[in-house]
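Participant: Got a structure here, written out as structure tokens. Questions coming.
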Amino acid sequence: MSHPFLSNTPSQPQGLGDPNAQFNVYIGNRPNCDLIHANRAVQPLNSSDIGTIGQACGNGWRKVFNVYAKLLFALGRNHFSFNANFPSWQAYRDNELLQMGSRTALWFSPPENTAKPGIELIMGRTYAKSLQLPVSLTWLNEEFALANERNLIVCPYFDYRQLSNQKILYLVDLLTNLKATN
């Protein structure tokens, strides 16, 4: 049985999530499955789509979505309101993350020259260094970098080993300080 989100069409969206996202994450790869494009740059998900993508495209994508939800759930406690109505990061992931109105997006294409509103995160040092970013990055350590003028942060890839719970808390502090200074 096929899911309406998955398709055999070759066209893929540039991203998943809310077209009006205020929290934009850029990843250097795409799920290894066909996604409905609907002629939009960003495709909002439905509540069951994250699970479907995880099953169809592999455990790595389940981890990306889980870490994204953990990060936003932790941020919700500090000046952001991503988790306002959810008792856990799992409930947030399954019922709001990357859906219409969530203010979140996951982009499969590099950041544009013009900044998107809100926060921009680039997953992975290697991916960030491969991009021709229109801003200079200040590297805080081997894994995290900032471009304050653009509200952009480079962080480890959304994987349990690379962006551990301790590093998620470090990223929460960076994001909270970034928001407080802008």
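Participant: Run the numbers for residue 159 and residue 136: contour at 0.36 nm per residue of separation, minus the present Cα-Cα distance, in nm.
Facilitator: 5.7 nm
Participant: Toward the positive end of the charge dipole of the stretch 44-182, about the Cα centre and with charges on Cβ (Lys, Arg +1; Asp, Glu -1), which of 172, 148, 126 goes farthest?
Facilitator: Ranked along the dipole, the leading option is 172.
Participant: From the backbone phi of the stretch 56-62, what are the Karplus-calculated ³J(HN,Hα) couplings (6.51 cos²θ - 1.76 cosθ + 1.60, θ = phi - 60°) in whole Hz, Gly and Pro given as x?
Facilitator: 7, 10, x, 4, x, 6, 4
Every number here is computed from the coordinates shown, using simple stated rules; none is lab data. Note that the coordinates shown come from a computational prediction; the quantities given were computed from them, not determined experimentally. Here the Cβ is made from the backbone with ideal geometry for all residues, glycine too, and neighbour counts use every protein chain on show.
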